[in-house]
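The values are calculated or read from the model by the stated rules, or taken from the named source; none is laboratory data. Values in this document were obtained by computation on a predicted structure and should not be read as measured data. Using ideal geometry, Cβ is built from the backbone for each residue, glycine included, and neighbour counts are taken over all protein chains shown. Side chains included, ligands, DNA and RNA excluded: accessible areas come from the protein's heavy atoms. Shrake-Rupley method; radii C 1.70, N 1.55, O 1.52, S 1.80 Å.
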Amino acid sequence: MEQRAWRTLVALTTRLPAALDTQLQRESGITHFEYLVMTLLSEEPGHRLQLSELAQKANASLSRLSHVVSKLERLGWAQRVTISGRRGAQAVLTDAGFQKVTEATPGYLECVRGLVFDGLDAQQTKELLELGETLVAQLDKGMARGLGRSGRPNSHLEIES
């Protein structure tokens, strides 16, 4: 049963992002990650956030986020702002970026509902939330021990050869 559950999770975590990417690119010309970054910025006061905090909220490395913010800058949808006396920079969603994410949102939400939530009742949605939170907590716990990261895991267990 564990193998079936794992393969189902792998199917979900690979197929859903690909479907969302395809839909967003076809309808709005943006990737799912670009949409996420712009949405996160749109929800902040002043539509701005420190890059390191934005990376954390987007579940991305600072390097990946920086690359995407550079692309959004080239498109006129975001800009970097350095604050004197503070370390790092902020990403700021421009008015054009806010308009872009606002225009993309209805189609995105329709896609999410059609791919996920239309197949669940209220109880299943609650269970999905609880299971998802449990899985993210376990992922964070495992990564804190060094699992799934480059370098040697911080584990006392040794694998014999």
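Given the alternatives (1) 9.3; (2) 12.0; (3) 13.4, mean projected area of the Cα convex hull in nm² as computed for this entry is given by (3).
With a Förster radius of 35 Å applied to the C-beta separation of Arg80 and Arg7, the computed FRET efficiency comes to 0.30. At full extension, Leu109 and Met143 could sit 9.2 nm farther apart than now, given 0.36 nm per residue minus the alpha carbon distance. With every protein chain left in place and a probe of 1.4 Å, what is the accessible surface of Thr82, to the nearest 10 Å²? Near enough 110 Å² of accessible area.
Ranked by the mean number of other Cβ atoms within 10 Å of their residues, highest first, the peptides 122-133, 10-21, 91-102, 55-66 come out as 91-102, 55-66, 10-21, 122-133.
Taking label points 7 Å from Cα along the Cα-to-Cβ direction, Val136 and Leu62 give a separation of 2.2 nm. Dipole check for the chain: with +1 at the C-beta of Lys and Arg, -1 at the C-beta of Asp and Glu, and the Cα centre as origin, the magnitude is about 640 Debye. Phi-derived couplings, Karplus 6.51 cos²θ - 1.76 cosθ + 1.60 at θ = phi - 60°, listed residue by residue for segment 140-145: 4, 4, x, 5, 5, 7 Hz, with x used for Gly and Pro.
Centre-to-centre separation between the Cα atoms of segment 53-113 and those of segment 21-39: 12 Å. The apolar share of the surface of the chain, taken as the fraction of accessible area on carbon and sulfur atoms (1.4 Å probe, ligands and nucleic acids excluded), comes to 54 percent. Against the criterion of solvent-accessible heavy-atom surface with a 1.4 angstrom probe, Glu27, Glu110 sort, most first, into Glu110, Glu27.
Dipole magnitude for segment 16-55: about 80 debye, using +1 per Lys or Arg Cβ and -1 per Asp or Glu Cβ, origin at the Cα centre. Along the charge dipole of segment 1-67, Cβ charges K/R +1 and D/E -1, which of Thr39, Ala11, Gln23 sits furthest on the positive end? Comparing the listed Cα positions along the dipole, Ala11 ranks first. Phi-derived couplings, Karplus 6.51 cos²θ - 1.76 cosθ + 1.60 at θ = phi - 60°, listed residue by residue for segment 9-15: 5, 4, 4, 5, 6, 9, 6 Hz, with x used for Gly and Pro. 3J(HN,Hα) along segment 87-97: 7, x, 10, 10, 9, 10, 6, 7, 4, 5, x Hz, from the Karplus curve 6.51 cos²θ - 1.76 cosθ + 1.60 with θ = phi - 60°, whole Hz, x for Gly and Pro. Note that the chain presents 71 Å² accessible area per residue, ligands and nucleic acids not counted, probe 1.4 Å.
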